[in-house]
Every structure is written in structure tokens, then in C-alpha cells.
Amino acid sequence: QLQASGGGLVQAGGSLRLSCEASGRTSSSYPMAWFRQAPGKEREFVTYITWNGAHTYYVDSVKGRFAISRDDAKNMMYLQMNSLKPEDTAVYYCAADSTRDGNYDSWGQGTQVTVSS
């Protein structure tokens, strides 16, 4: 089970750090990612980290502003979000590809991020 937290209301240009805890299981050995869904829009991929943290990938709109990381000793994944923009406003979800087949089969409940202009 994944539990996302850390969302909130922040002014444009501010920062937030989201956390995702994998309870009841170890988060190590499989890829994890963050997705987001803005009001009236489909859920979109934001960023991904490989099972060992060696590689990451970001959607163009967040490159240079967001950073994904993981601490498998704590069963945690993080998303550091800097220079936030109003268009980053969304519900953010963490997800895991526990079968390592490219499909995200485990999802957190989402945490709301609101960026005011």
C-alpha cells in the first residue's frame, strides 16, 4: 500500500516536498513514479525512478524544477518540487511497478498541490 503526503497551498515560485510511503511491503527492487491530475484533465506522468535509483526521467514541463528520489531503507520515495507554477496545481499520485512489466499496478491515494499566482 502506498501513502502520499506533503501536498498543500503554496505561492508561485515556492517549493513543496511530497513523500510516498510504502507500507506493508518493501519499495525496493521495483520502479516507482509520480503522476498528477489537474482539474478537468486526464492523469499525466510526471517523473520516474528506476528500482535502484540509478536513473530518473522527467516530463519536459518539470525538468530542472522537480527532483525524484528514493530511500529504500525507509520504504520512502520523494518528490522535491521547486519554482512551482500555477499550472503545477493538481492531485499528485505515487505509483509502483511491482511486477516490473512497465505497468503501474499499485497507487497511493493522492495529495493535493495548489499553487497560487
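For segment 56-63, state whether one or more residues are outside any strand (DSSP E or B), modelled with pLDDT under 95 and open to solvent by 30 Å² or more (accessible area, probe 1.4 Å). Can you show your working first?
Residues of segment 56-63 that are outside any strand (DSSP E or B), as a first pass: 59-63.
Within this subset, residues satisfying the condition of being modelled with pLDDT under 95 are none.
No.
Any idea how many residues of segment 5-51 are of a type in the set (Phe, Trp, Tyr) and in a strand (DSSP E or B)? Before the answer, list the steps.
Filtering segment 5-51 down to residues of a type in the set (Phe, Trp, Tyr) leaves 30, 34-35, 45, 48, 51.
Next, from what is left, pick out any that are in a strand (DSSP E or B): 34-35, 45, 48.
The total comes to 4.
Sort out which residues of segment 88-100 are among the acidic types (Asp, Glu) and not in a loop (DSSP other than H, G, I, E, B), and write them in order of number. Write out each step before concluding.
Taking segment 88-100 as the starting set, the residues that turn out to be among the acidic types (Asp, Glu) are 88, 97.
Within segment 88-100, 88 is the sole residue that qualifies.
Which of (1) of a type in the set (Phe, Trp, Tyr); (2) modelled with pLDDT of 95 or more; (3) farther than 10 Å from residue 77 by Cα is the odd one out, the single condition residue 34 does not satisfy?
(3)
Just to be sure I understand, how many residues within segment 91-117 are at pLDDT below 90 and touching a Cys at 6+ places or on another chain (Cβ under 7 Å)?
Step one: of segment 91-117, the residues at pLDDT below 90 are 98-102.
Add one more test, that the residue is touching a Cys at 6+ places or on another chain (Cβ under 7 Å), and what stays is none.
Selection size over segment 91-117: 0.
Under the condition of being open to solvent by 50 Å² or more (accessible area, probe 1.4 Å) and modelled with pLDDT of 95 or more, which residue from segment 13-24 is farthest from residue 88 (Cα to Cα)?
Within segment 13-24, the match that is farthest from residue 88 (Cα to Cα) is 17.
Please state which of the following conditions residue 20 fails to meet, knowing it meets all the rest: (1) of a type outside the set (D, E, K, R); (2) on the phi > 0 side of the Ramachandran plot; (3) touching a Cys at 6+ places or on another chain (Cβ under 7 Å).
It is condition (2) that residue 20 fails.
When segment 87-96 is examined, which residues are found to be of a type in the set (D, E, K, R) and open to solvent by less than 10 Å² (accessible area, probe 1.4 Å)? First the steps, then the outcome.
As a first pass, look at segment 87-96 and keep what is of a type in the set (D, E, K, R): 87-88.
Result: 88, single match.
Residue-by-condition table, conditions (1) assigned to a strand (DSSP E or B); (2) buried (at least 17 other Cβ atoms within 10 Å of the Cβ):
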| position | (1), (2) |
| --- | --- |
| 3 | yes, no |
| 53 | no, no |
| 77 | yes, yes |
| 102 | no, no |
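The values are calculated or read from the model by the stated rules, or taken from the named source; none is laboratory data. Every value quoted in this text rests on a predicted model; they were computed, and no experiment measured them. Positions of Cβ are generated from backbone atoms using ideal geometry, with glycine treated the same way; all protein chains shown enter the neighbour counts. Each accessible area value is taken on the protein alone, full model and side chains, heavy atoms only, with ligands, DNA and RNA left out. Shrake-Rupley method; radii C 1.70, N 1.55, O 1.52, S 1.80 Å.
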